[in-house]
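Taking it in order: structure first as structure tokens, then the write-up.
Readers should treat all values here as calculations from the given coordinates under stated rules, not as data from a laboratory. Quick caveat: nothing in here was measured; it's all calculated off a predicted structure. Note: ideal-geometry Cβ built from the backbone for every residue, glycine included; neighbour counts use all protein chains shown.
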């Protein structure tokens, strides 16, 4: 695959890995958080951690939109879909996200709700056009990457004068989540924040640019390197973070220069600013209620707001008390530290959000990383091969 | 004076549609079976017109399998539900090291299904069965009300015979055995997906749907008792097949990503769709676990067969109580290859 394989080259990876190993100070530990699920997935899928020295460790962050969606919002979507006149359109990875008491869109669909998997917001628009007697609701989720496509759907609905289209808006913003992680440490040793630098978002940054991350480097003293989602991108970003730490620098650097600029995509930003406004507060699974962290439709677009249209309300829902998704999303704990991991909580029967999406920290560890622990527990086993 | 014979109207194969009378057991059903199915499958067993067919059982171990086909869309690049229903069942028989002998076919047809499409499906089945040398010798037809099925569903049962004493079983893989794959992975699933609404690609990717008993015969001739087990990686792809074999045999597998053949257009489509080719279905490929001493001979035999040109040794079985399937990535790291959770591509076979 042209323009893809180049970023997965094993020989180049060995070279970067050797440089990281040479430059990383063996006397200290380097803990970096990759914010995005896309990075988590790349690290796990290509086995990147095998190439890093023991003292450079990656902590999986909360940048997986499915993982941070709170149960209450899943419950709200299910309630909306149960309305016989509603057709709920959702991205495929939302189908299995657990709501309260084990409910999910997949189960609601089996019980008769009209829920359809779409690949694009415009698929939902097409359904609304083709079936004017159905109330078509798009279950909008995601960070700044998926917000512009939702804005595009609102524009399309406006242009086509669709009276039967609305969205259930759950769009969230990246910088407030990073801030929450930096401010979350409660001072106890168990919950101490170990993150010394961030591999910054790839696709999100194509939209918002590099500027919004400056505060983390300048005020919080944490280096940020924006990186692409290919494994070589991540490896290079880790090297850049090691160098910043070694040189005592704390800057926003851009590894993903082939796609990200300082200002980002101004047209997408303008569309978002025109259609959406910031919510006072919004619940994030694992991070709690974060001020100014999510978007809703402006009053001028409220006819497209499913929450208003169907009088949907947020009914607080509680996660399983043993679920450690919160601490895992903040980087304070690892999937293995959770009692539920691998016993009652697996990708087939996810209890917590980190297990649902393949980009979630627990799911990625379950799918790709477990053997490392098994190998460590029984080192002779690998010699048999 | 003889009674006047009623005029027998021909089926309107151009614009006609299946209606409930075609499944009601009357003349209409008889005509549908005769004009479409018997015409397409044409053989002495069907011409005898019995509700069953009799045949002499050859010496050896009889092997039997059954499978239902509900793929959507019914016609996809490189095949259709009819040829798939023949190939898939033949392959399940062949994986036992057996020679497939006969097939049965039953059809559940939705009211309103176009007769032209039914004829096309039947013709494709007939062609696939003749090409494979495995006749369809008995069958059944049901018609259900509109909305109770989706176009046509087909079930086929196959019977075959394996040499006495041969028992290929999924618990037979041993540490040290080598794993051979007969060709590129992911073609079928991506071909079906590409035909789906909104997901048309510029390059046409064809399903690999094919009957593998010829390839199996070549493998058995070259490998003999060194062939431990064979399986066709259909739903769930290569990842599911290796995990099943690992669990049933109580071993682990270690495979090399770089050794696994994937067409570049399939890799690109998977990239675009967020799929992993390891999880995508195949309908004309097989995995063979081989004793190391026969591996080279079997690989050569596979490569000499038209359906095994891209065959490769992709890894080996290892002692592992966890029964993990591990892969060395082309990038240089390692990872687990797990079963897929949930459904990646609904209704691909």
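By how many nm would the segment from residue B:130 to residue B:44 grow when fully extended, if each residue of separation counts as 0.36 nm and the alpha-carbon distance is taken off?
Once the chain is fully extended between residue B:130 and residue B:44, it gains 29.6 nm.
Given contacts defined as C-alpha pairs under 8 Å and at least six residues apart, what's the relative contact order of region B:20-162, whole-number percent?
Once normalised by length, the contact order is 39 percent.
Assuming R0 = 22 Å, can you tell me the calculated FRET efficiency for the pair residue B:310 and residue B:271, based on Cβ-Cβ distance, to the nearest 0.05?
Approximately 0.65, to the nearest 0.05.
How far apart, in nm, are the 7 Å Cα→Cβ label points at residue A:163 and residue A:100?
Here the modelled spin labels are 3.4 nm apart.
I need the semi-axes of the equivalent ellipsoid of the protein assembly as shown: take the C-alpha gyration tensor, multiply each eigenvalue by 5, square-root it, list largest first in whole angstrom.
Gyration-tensor ellipsoid for the protein assembly as shown: 50, 35, 20 Å.
How much of the DSSP bridge set in chain B is antiparallel, in percent, rounded to the nearest 5?
75
Could you state the number of Å between the C-alpha centres of region B:111-160 and region A:276-295?
One Cα centre to the other: 55 Å.
Quote the relative contact order of chain B in percent (integer), defining contacts as alpha-carbon pairs under 8 Å separated by 6+ residues.
Rounded, it is 22 percent for chain B.
Starting from a Cα-only point model with no solvent, please compute log10 I(q)/I(0) by Debye for chain B at q = 0.12, 0.16 1/Å.
Treating every Cα as an identical point scatterer, log10 I(q)/I(0) equals -0.88, -1.36.
Would you mind telling me the antiparallel percentage of the DSSP bridges in the protein assembly as shown, rounded to 5?
Close to 55 percent.
When each pair of different Cα atoms in region B:20-162 is counted once in the 1/r mean, what is the Kirkwood radius in angstroms, to one decimal?
Computed over region B:20-162, the radius equals 15.4 Å.
Nearest-5 percent of antiparallel DSSP beta bridges in chain A?
20
Any chance you could check the Cα centroid distance between region B:253-281 and region A:198-217 for me, in angstrom?
Here the answer is 31 Å between Cα centres.
Per-residue Cβ counts within 10 Å, from other chains only, averaged over B:33-39: what number is that?
Partner Cβ neighbours, averaged per residue: 0.
Please give the Cα centre distance for region A:250-270 versus region B:286-322, rounded to the nearest Å.
One Cα centre to the other: 48 Å.
Using R₀ = 41 Å, calculate the FRET efficiency as 1/(1 + (r/R₀)^6) where r is the Cβ-Cβ separation of residue A:120 and residue B:52; round to 0.05.
Between residue A:120 and residue B:52 the formula returns 0.20.
What share of Cα pairs, in percent, lie more than 16 angstrom apart in region B:5-95?
72
Based on alpha-carbon positions alone, could you give the equivalent ellipsoid semi-axes of chain A from the gyration tensor, as √(5λ), descending, whole Å?
Equivalent-ellipsoid dimensions as semi-axes: 36, 24, 19 Å.
To make sure I understand, if each residue's beta carbon is the centre and we count other beta carbons within 10 Å, what order do B:53, B:249, B:129 fall in, fewest to most?
Listing B:53, B:249, B:129 from fewest to most nearby Cβ atoms yields B:53, B:249, B:129.
Can you tell me the FRET efficiency between residue B:150 and residue A:5 if r is taken as the Cβ-Cβ distance and R0 is 30 Å, rounded to the nearest 0.05?
Between residue B:150 and residue A:5 the formula returns 0.15.
Take the Cα gyration tensor of region A:225-329, multiply each eigenvalue by 5, square-root it, and list the three semi-axes largest first, rounded to whole angstrom.
Taking √(5λ) for each Cα gyration eigenvalue gives 35, 23, 12 Å.
Is there a simple number for the mean count of other chain Cβ atoms within 10 Å of the Cβ of residues in A:13-21, and what is it?
Average neighbour count from other chains, rounded to a whole number: 1.
For region B:178-336, go through all pairs of different Cα atoms, get the mean of 1/r, take its inverse, and jot down that Kirkwood value in Å.
15.9
Most exposed first by the Cβ proxy, i.e. fewest other Cβ within 10 Å, how do B:144, A:204 rank?
B:144, A:204
So for each of B:282-294, B:58-70 I average, over its residues, the number of other beta carbons within 10 Å; can you give me the resulting order with the highest mean first?
B:282-294, B:58-70
Given just the C-alpha atoms of region A:58-106, how large is their convex hull per residue in cubic angstrom?
It comes to 83 Å³ per residue, whole-number rounded.
Hey, what D do you get for region B:150-223 in µm²/s if you plug the Kirkwood alpha-carbon radius into Stokes-Einstein at 10 °C and 1.306 mPa s?
96
If you take each beta carbon of peptide A:39-51 and count the beta carbons of other chains within 10 angstrom, what is the mean?
What the average comes to for A:39-51 is 4.
Measuring from label point to label point, each 7 Å out along Cα→Cβ, what is the residue B:29 to residue B:256 span in nm?
5.8
Under a crude label model (7 Å from the Cα following the beta-carbon direction), how far is residue B:140 from residue B:14 in nanometres?
The modelled label-to-label distance comes out at 3.6 nm.
Above 21 Å lies some portion of the pair distances; for region A:95-203, what is it as a whole percent of all C-alpha pairs?
I get 55 percent for the Cα pairs in region A:95-203 exceeding 21 Å.
As a footprinting exposure proxy, order B:202, A:262 by other Cβ within 10 Å, with the fewest listed first.
So the ranking, lowest neighbour count to highest, is B:202, A:262.
Considering the zone a paramagnetic label at residue B:293 would reach in this model (a point 7 Å from Cα along the Cα-to-Cβ line), which residues of region B:309-331 have amide N under 17 Å from it?
none
Report the gain in length on full extension from residue A:339 to residue A:14: 0.36 nm times residue separation, minus Cα-Cα distance, nm rounded to one decimal.
That works out to 113.4 nm of additional length.
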